[in-house]
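*Asks:* Handing you this structure, nothing more for now.
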Amino acid sequence: MAPNLPPLVYCHDSQVTIIGAGNVGSALAQRIAEQDLAHVVLFDIVADRPQGLALDLSQARSHGRYSHRIIGTNDYADTAESDLLVITAGLPRRPGMGREDLMAINGKIVAETVRQALVYSPHASIIVVTNPLDVMTYLAWKVSDLPPHRVMGMAGTLDSARFQTFLAQELGVPAGDVSALVLGSHDDRMVPLPRYSTVSGIPVTELLSPDQIQIAIDRTRHGGAEIVALLKQGGAFYAPAAAACAMVESIVLGQSRILPAAAYLDGVYGLTDLYLGVPCQLGKGSVERVIELALTPAEQADMMTSAVAVKENLNLALAAFLS
Ligand code: TXD
């Protein structure tokens with residue numbers, strides 16, 4: 001007789017809707033499904049694409065032990081009662097397209113998707129992935145009418161993972177042994193913090209030369225562009241999906257992990273009324289705590305530079321969006 005073993009997978013019944021079944025959205029769906037974290041609804045405006053992806057993912061799941069369903073849809077009604085919305089819908093920046101154009105286009109997409117999805121899932125929290133990240137997260141919060149701690153952006157987890165990877169390469173150690181931290185905006189004004197980046201507890205500043213650290217910083221700042229240049233079409237999606245999944249996991253399972261994310265700032269770091277990358281504690285459905293580090297004057301100045309650029313873009317986006 002079969003022994004009475006406990007189930008291998010614990011069934012958590014949260015539902016995550018991923019809006020935008022493109023490269024990042026579908027890779028994220030795969031991660032959530034493989035980790036058996038939650039029910040997944042993949043939504044896209046392209047007819048049949050999310051349904052096809054969901055069917056494919058369901059068939060891949062038959063090789064594992066999964067307890068959650070995954071569906072694809074073009075109908076917001078099918079996303080009803082979601083606990084978490086992950087917004088990956090948007091257009092990539094194309095040659096000849098200015099920053100303002102992209103902000104206006106993606107701003108409209110993000111605003112529309114958030115509004116529509118919240119009609120069916122009024123109690124959901126939101127993770128924004130669409131670029132330009134810090135600005136789109138602010139827009140999503142504005143149109144959502146949710147408390148700010150229920151809306152956040154994914155970028156710091158990705159940028160920190162990139163920094164971790166490049167530091168590990170300089171050190172010749174496994175990337176998993178490195179813990180790295182990047183704050184600020186999700187662009188080349190991001191703020192990598194070597195002082196807060198360690199290997200087995202040892203700050204990398206004691207293990208690497210300033211030149212080596214600078215190499216890792218430069219590659220991190222241009223990490224997305226380096227991949228776009230290599231791929232020729234589209235951008236990174238495996239690492240972005242992995243980073244988003246870490247946030248989803250902490251929020252869905254209430255792990256209260258401390259991860260860098262774009263959070264609403266209301267006074268910390270001397271900044272108000274914007275979303276920017278800072279260390280956050282991510283618990284059940286929300287940013288439980290925004291952590292303010294004691295930055296050096298140089299680090300604080302870098303945060304300000306990052307914030308000023310985001311504010312400028314935010315004003316452009318709001319003007320384009322409201323016009
Ligand atoms: O760190 C980060 N935050 C990022 C952000 C890392 C990687 C990618 N980053 C941004 O995420 C990227 O610049 C884009 O703005 C989004 C999504 O990137 P992805 O690489 O997945 O783009 P795709 O493959 O073009 O997918 C976008 C999907 C596509 O299937 C469209 O049909 C869909 O979005 N889309 C929509 N879905 C629903 N509703 C609307 N209105 C809509 N418009 C487009």
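*Asks:* Would you pick out the residues in segment 130-145 that are open to solvent by 20 Å² or more (accessible area, probe 1.4 Å) and at negative phi?
*Replies:* The answer is 131, 132, 141, 142, 143.
*Asks:* I would also like to ask the following. Residue under question is residue 92, and the condition is that it be out of contact with any strand residue (DSSP E or B) (no Cβ under 6 Å at 6 or more places or on another chain) and within 11 Å of the ligand (Cβ to nearest atom); does it hold?
*Replies:* Criteria met by residue 92.
*Asks:* Residues 143, 151: which one is away from the ligand (no atom under 11 Å from the Cβ), of a type in the set (A, V, I, L, M) and in contact with a Phe, Trp or Tyr (Cβ under 7 Å, 6 or more places away or on another chain)?
*Replies:* 151
*Asks:* A further question follows. Do we have residue 195 as within 16 Å of the ligand (Cβ to nearest atom), under 30 Å from residue 312 (Cβ atoms), charged (D, E, K, R) and open to solvent by 40 Å² or more (accessible area, probe 1.4 Å) here?
*Replies:* no
*Asks:* Pull out all pairs, ordered by first then second residue, where Cβ-Cβ is under 8 Å, the residues are six or more apart or on different chains, the first lies in segment 296-319 and is within 13 Å of residue 271 (Cβ to Cβ), and the second is part of a helix (DSSP H, G or I) and open to solvent by less than 50 Å² (accessible area, probe 1.4 Å).
*Replies:* Hits for this filter: 300/269; 303/269; 307/269; 310/134; 310/135; 314/134; 314/135; 314/138.
*Asks:* Okay, next question. Might you let me know whether segment 181-188 holds any residue that is without any contact (Cβ under 8 Å) to a residue 40 or more places away in the chain and under 23 Å from residue 312 (Cα atoms)?
*Replies:* Yes: one or more hits.
*Asks:* Within segment 235-245, does at least one residue satisfy the condition of being crowded, with 24+ Cβ neighbours inside 10 Å, among the aliphatic types (A, V, I, L, M), away from the ligand (no atom under 11 Å from the Cβ) and within 12 Å of the chain's Cα centre (by Cα)?
*Replies:* Within segment 235-245 (the criterion being crowded, with 24+ Cβ neighbours inside 10 Å, among the aliphatic types (A, V, I, L, M), away from the ligand (no atom under 11 Å from the Cβ) and within 12 Å of the chain's Cα centre (by Cα)), the answer is no, since none of the residues qualifies.
*Asks:* Let me ask you something else. Test of understanding: among 182, 114, 135, 110, which residue is within 14 Å of the ligand (Cβ to nearest atom), assigned by TED's automatic domain parsing to the domain that holds residue 81 and either modelled with pLDDT under 95 or under 20 Å from residue 290 (Cα atoms) (or both)?
*Replies:* Answer to the selection: 135.
*Asks:* Only one of (1) closer than 18 Å to residue 271 by Cβ; (2) within 14 Å of the ligand (Cβ to nearest atom) fails for residue 163. Which number is that?
*Replies:* (1)
Yes/no matrix, rows are residues, columns are (1) touching an Asp or Glu at 6+ places or on another chain (Cβ under 9 Å); (2) closer than 20 Å to residue 276 by Cα:
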site: 150; (1), (2): no, yes
site: 153; (1), (2): yes, yes
site: 163; (1), (2): no, yes
site: 171; (1), (2): yes, no
site: 178; (1), (2): no, no
site: 189; (1), (2): yes, yes
site: 201; (1), (2): no, no
site: 251; (1), (2): yes, yes
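*Asks:* Looking at segment 303-323 only, could you name the residues that are open to solvent by 40 Å² or more (accessible area, probe 1.4 Å) and either in contact with a Pro (Cβ under 9 Å, 6 or more places away or on another chain) or among the polar types (S, T, N, Q) (or both)?
*Replies:* Residues satisfying the conditions are 305, 315, 323.
*Asks:* Exactly one condition in (1) in contact with a strand residue (DSSP E or B) (Cβ under 9 Å, 6 or more places away or on another chain); (2) assigned to a helix (DSSP H, G or I); (3) crowded, with 19+ Cβ neighbours inside 10 Å is not met by residue 183; state its number.
*Replies:* Condition (2) is where residue 183 drops out.
*Asks:* Under 20 Å from residue 121 (Cα atoms) and away from the ligand (no atom under 13 Å from the Cβ): does that describe residue 68?
*Replies:* Yes: the conditions hold for residue 68.
*Asks:* Out of (1) over 30 Å from residue 85 (Cβ atoms); (2) part of a loop (DSSP other than H, G, I, E, B), the odd one out for residue 211 is which?
*Replies:* Among (1) over 30 Å from residue 85 (Cβ atoms); (2) part of a loop (DSSP other than H, G, I, E, B), residue 211 violates only (2).
*Asks:* Could you check segment 15-113 for strands (runs of 3 or more DSSP E) lying wholly inside it with 3 or more residues that are open to solvent by less than 10 Å² (accessible area, probe 1.4 Å)?
*Replies:* Of the strands (runs of 3 or more DSSP E) lying wholly inside segment 15-113, those with at least 3 residues that are open to solvent by less than 10 Å² (accessible area, probe 1.4 Å) span 15-19, 39-43, 84-87.
The values are calculated or read from the model by the stated rules, or taken from the named source; none is laboratory data. These numbers come from a predicted model, not from an experiment. Positions of Cβ are generated from backbone atoms using ideal geometry, with glycine treated the same way; all protein chains shown enter the neighbour counts. We work out accessible area using only protein heavy atoms, side chains counted, and drop any ligands, DNA or RNA first. Shrake-Rupley method; radii C 1.70, N 1.55, O 1.52, S 1.80 Å.
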